[in-house]
Amino acid sequence: LDRFTCFDGRSGLPALMDTLKSRKENAPQGSYTERLFNDKKLLDAKLLEEAGELAEAESHDDVAWEAADVLYFALVKCVQAGVSLKDVEAVLDHRSKKVRRRPGNAKPNKSTGQAEKVQVPTGSTAKTETPREQVVFKRLCVLKNSELSEPERAKLCTRPAVMDTEKLMSIVPPILADVRQRGDSALLDLTAKFDRVQLQTPVMDVPPMDEITISDDVQSAIEVAYGNIQKFHFAQLHEPLEVETCPGVRCSRFARPIEKVGLYVPGGSAILPSTALMLAVPAKVAGCLEEILATP
């Protein structure tokens, strides 16, 4: 529901965020809030000013007071840039999952261009880490196609041998050719050869079944379950993610539906329509073109 509580009333930071969003749209002309949203230098100056006062605060009340000022102007900055509290929380959650931590040294002061020097004890075994701002990505070996000879190009495109493809190709093509030529007869012979099962026909006819009827309560329960499962899996659809891991190299993650999916639903000692729903509904949400269900 994108709410902090089960109730509509908000307080604290969510309430302040809502107020600032409203003020951005309807702030009176010439008001202080209107100036903050439209005067970048004023907002930046207030952020730096309040952050400095928070750093100097020592008592409980003073720290709370100055922290409130910092949060207020920080949220103004967020609203101005279209950043929500949810966006900020997502960044914090992402950082909490990182294994490698930054050293935590202060950044250079923008006004002086210098940072406080950190004394490292002599003989210390602690390893120094490169600050985030100074990380230099290692460039990959870049080869220009126009500068390569034909033998060099062929060598680069050659994949390493991971198996004896010559032996594989001597087995597979004859099987494909046999199936193309003899059809179902070849399938029966190959099934007997590889699966050691003697079949009379490649297709098994299912005897006709009486029409199945279920009670209204069961029908209603299945429809509710269908809707819940569909809603849950729709929420998992996401936009493609793209990251430049180093200059010129972009990695992406995206979801694509499988064209055909096989769904197995057990039907031995227990009948499980829930399994059919939990397999078929996600496949439908994903956009699979063909779903084949098998059950004993």
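The values are calculated or read from the model by the stated rules, or taken from the named source; none is laboratory data. Being a predicted model, the structure only gives us computed values, none of them experimental. Here the Cβ is made from the backbone with ideal geometry for all residues, glycine too, and neighbour counts use every protein chain on show. Accessible surface is based on the protein model in full, side chains and every heavy atom, while ligands, DNA and RNA are left aside. Shrake-Rupley method; radii C 1.70, N 1.55, O 1.52, S 1.80 Å.
Within the full protein context, the accessible area of K21 is estimated at about 100 Å² for a probe radius of 1.4 Å. Residues of segment 41-70 with an amide N closer than 17 Å to a point placed 7 Å from the Cα of R35 along the Cα-to-Cβ direction: 41-50. In the context of the full set of protein chains, residues of segment 144-274 present 90 Å² of accessible surface per residue (probe radius 1.4 Å, heavy atoms only).
Taking 18 Å as the cut-off, the amide N atoms of segment 164-178 that come nearer than this to a point 7 Å along the Cα-to-beta-carbon line of I292 belong to 176. Annotation: aspartates and glutamates with alpha-carbon distance below 15 angstrom to K46 (same-chain offsets under eight excluded): E34, E66, D69. Relative to one another, the C-alpha centroids of segment 237-286 and segment 151-194 are positioned 30 Å apart. Describe numerically, in nm with one decimal, the distance between label points set 7 Å from Cα along Cα→Cβ at H60 and at D87. My value for the distance between the label points is 3.6 nm. Spacing of the modelled spin labels on Y264 and L71, each 7 Å from Cα toward Cβ, amounts to 5.4 nm. Only protein heavy atoms count here; on that basis, with a 1.4 Å probe, V63 has an accessible area of about 60 Å².
Going by a ≥ b ≥ c, the root eigenvalues of the Cα gyration tensor, does segment 33-90 fall in the rounded group (a/c under 1.5), the prolate group (a/b larger than b/c) or the oblate group? If you can, show how the numbers build up before the last one.
Values: a/c = 2.71, a/b = 1.41, b/c = 1.92.
It comes out oblate by the Cα gyration axes.
Shown are R153, R253, R196, whose ranking by accessible area with a 1.4 Å probe and every protein chain present, most to least, is R196, R253, R153. When the C-alpha to C-alpha distance is required to be over 26 Å, the pairs from K24/K86; K193/K284; K21/K86; K21/K231; K77/K231 that qualify are K193/K284; K21/K231; K77/K231.
Computed from the Cβ-Cβ distance with R0 of 35 Å, the FRET efficiency linking E25 to E53 stands at 0.75. Straight Cα distances below 16 angstrom link K40 to the aspartates and glutamates E49, E50, with same-chain residues fewer than 8 positions distant left out.
Rounded, prolate or oblate: pick one for segment 142-292, where a ≥ b ≥ c are the square roots of the eigenvalues of its C-alpha gyration tensor, a/c under 1.5 means rounded, and failing that, prolate if a/b is larger than b/c, else oblate. Since a/c reaches 1.5 but b/c is at least a/b, the shape of segment 142-292 is classed as oblate.
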